[in-house]
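Structure first, commentary second.
The values are calculated or read from the model by the stated rules, or taken from the named source; none is laboratory data. On a predicted model such as this, the values are computed, not experimentally measured, just so you know. Backbone-built Cβ (ideal geometry, glycine too); neighbour counts: all protein chains shown.
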Amino acid sequence: MRRLLIGLLLLATAAAHAGRPCEERPLAVGDVERGMHLAEAARQRLDASGAQVVMIGRVGQDLSQYGLHYSHLGFAYRDSEASAWRVVHKLNDCGRAEASLYRQGLGEFFLDRMQRYEAGIVVLAPDAQQKLLPLLRDNQRVTQWHTPAYSMLAYPWATRYQQSNQWALETLAGALEPAAGTRRQAQAWLQLHDYRPTTLRLGPLTRLGARMTRANIAFDDHPNDKRFSDRIETVSVDSVFAWLQRSGLGAATLAVY
Amino acid sequence: MNVLRKLTLCAALTAGIVPASQAQSSISEASALSLLPVAVSVAAPVMIFSAGVTLSVVTVEASATGMVVVLERASDGALATLRFSGQVAGAASLAVGSAVLVTAVSTGWVLSAAGQALAFIPNQIGAALLYNERITR
């Protein structure tokens, strides 16, 4: 009985932490210096590329245990009016179960606590750039494949949740295929074009811990047969970069430091 | 005060704030509160923002449109006025009477206390790299 009570107390504590507010720790001076330096290095590389639209990834956390390098993905496009690059990406607000789209500078994109100050840039094929550029400038169109409900490990072939990399991937599909006006249709197009998500091996204890302590992780969109065999599929930056190159939709990844 | 030279930096900034993420351990990242105020305009004597200079916060005035902070250089009393736009989270750190250190970087100047960045003043290179617009609510 006592053990049960302790167990319940632990669960209650964990649940109370779900959706906790953001950590309000200021950036260190070095974070600002390195983040802005990387932003400027990325700008120079983007200017030199001659591209109008690229996909850009950052290394916000150490994912080497999953065999992954980049952690977060967005589109960068050249804003000719401002003579600057803008990044459009999806961010989860303060660990809550929802996320929003932002248009930011390269500075904001890297002014964060990066695991490594490194950017990965994939120049998209000219046709893809041409189709994406007007879309990324248009606040209505760019939200067409956006779902606010957020899970960090959202299943790639479901629409209940959507994580940041998945938003970028589905938006790319929607831009390329005029018939893919919905998330479901964009996902069908991605399957047809052989996009392959990353499969993570997450055991039941890891899943339970994540679900109990994080408002922004859920597993109920994953099919039972995969979930209960510990296979969690989701959209990683590395899987998107590999698919872009394999499909001819993008060039090899340029690393910028 | 009559030696103040008005510089307008990064007028293109709409929000002037920068997100910082909390530590996450998954393969898609979250973001957090906007913590680092970015100055959208500066009125200051030339060279007041030199590396290693310590400034003290004289006044902090918040308004509906943003915040104005006046800083003073201890050595000669020279003043600098910084304007921040929008809601500036983390600006509470810029308390009247507190001392801030100026660090020069290639993209501007970082104001800090105890190694923690309190505000960023972009130069022309830095200003071109900063923009913040929330597309969806």
Please verify whether A:Gln52 is surrounded by 18 or more Cβ atoms within 10 Å (Cβ to Cβ), more than 9 Å from every other protein chain (Cβ to nearest Cβ) and of a type in the set (S, T, N, Q), treating the condition exactly as stated. yes
Among the strands (runs of 3 or more DSSP E) confined wholly to region A:72-126, which include 3 or more residues that are more than 16 Å from the chain's Cα centre (by Cα) and more than 8 Å from chain B (Cβ to nearest Cβ)? A:72-79, A:116-123
Any residue in region B:108-123 that is among the hydroxyl-bearing types (Ser, Thr, Tyr) sitting within a Cβ distance under 9 Å of a residue that is crowded, with 23+ Cβ neighbours inside 10 Å? List the pairs, counting only those 6 or more apart or interchain. B:Ser112/A:Val32; B:Ser112/B:Leu118; B:Ser112/B:Ala119
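For (1) more than 16 Å from B:Arg134 (Cα to Cα); (2) at pLDDT below 85, each residue gets a yes or a no:
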| position | (1), (2) |
| --- | --- |
| B:Cys10 | yes, yes |
| B:Ala15 | no, yes |
| B:Ala20 | no, yes |
| B:Leu35 | no, yes |
| B:Val60 | yes, no |
| B:Ser75 | yes, no |
| B:Ala80 | yes, no |
| B:Ser85 | no, yes |
So which residues in region B:104-137 are more than 7 Å from chain A (Cβ to nearest Cβ), closer than 18 Å to A:Ala39 by Cα and either assigned to a loop (DSSP other than H, G, I, E, B) or among the polar types (S, T, N, Q) (or both)? B:Asn123, B:Gln124
So, B:Val100, is that one among the β-branched types (Val, Ile, Thr) and more than 14 Å from chain A (Cβ to nearest Cβ) or not? no
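Here is a yes/no grid of residues against (1) within 14 Å of chain B (Cβ to nearest Cβ); (2) of a type in the set (Phe, Trp, Tyr); (3) in contact with a Leu (Cβ under 6 Å, 6 or more places away or on another chain):
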position: A:Met152; (1), (2), (3): yes, no, no
position: A:Ser164; (1), (2), (3): yes, no, no
position: A:Thr198; (1), (2), (3): yes, no, no
position: A:Leu202; (1), (2), (3): yes, no, no
position: A:Phe241; (1), (2), (3): yes, yes, no
position: A:Gln245; (1), (2), (3): no, no, no
position: A:Ala251; (1), (2), (3): no, no, no
position: A:Val256; (1), (2), (3): yes, no, no
Examine region B:68-75 for a residue that is touching a residue at least 24 places away in the same chain (Cβ under 8 Å), β-branched (Val, Ile, Thr) and closer than 16 Å to B:Val102 by Cα, and state whether such a residue exists. yes
Tally of residues being farther than 24 Å from A:Arg214 by Cα and of a type in the set (A, V, I, L, M) across region A:139-168: 1
Hey, A:Glu108 modelled with pLDDT under 95, surrounded by fewer than 24 Cβ atoms within 10 Å (Cβ to Cβ) and of a type in the set (D, E, K, R) or not: no
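Out of the residues in region A:62-71 that are surrounded by fewer than 22 Cβ atoms within 10 Å (Cβ to Cβ) and at the interface with chain B (Cβ under 9 Å from one of its Cβ atoms), which is modelled with the highest pLDDT?
A:Leu68
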Could you list, in sequence order, the residues of region B:92-124 that are hydroxyl-bearing (Ser, Thr, Tyr), under 13 Å from the mean Cα position of the chain (by Cα) and modelled with pLDDT of 90 or more? B:Thr103, B:Thr107, B:Ser112
Given the criterion surrounded by 13 or more Cβ atoms within 10 Å (Cβ to Cβ), at pLDDT 90 or above and among the hydroxyl-bearing types (Ser, Thr, Tyr), identify the matching residue among A:Thr213, A:Thr199. A:Thr199
Go through A:Arg196, A:Arg214, A:Arg207, A:Arg183 for me and flag whichever is more than 19 Å from the chain's Cα centre (by Cα) and under 27 Å from A:Val59 (Cα atoms). A:Arg207
Name the residue, out of A:Thr147, A:Thr171, that is buried (at least 23 other Cβ atoms within 10 Å of the Cβ), among the polar types (S, T, N, Q) and either touching a helix residue (DSSP H, G or I) at 6+ places or on another chain (Cβ under 6 Å) or more than 9 Å from chain B (Cβ to nearest Cβ) (or both). A:Thr171
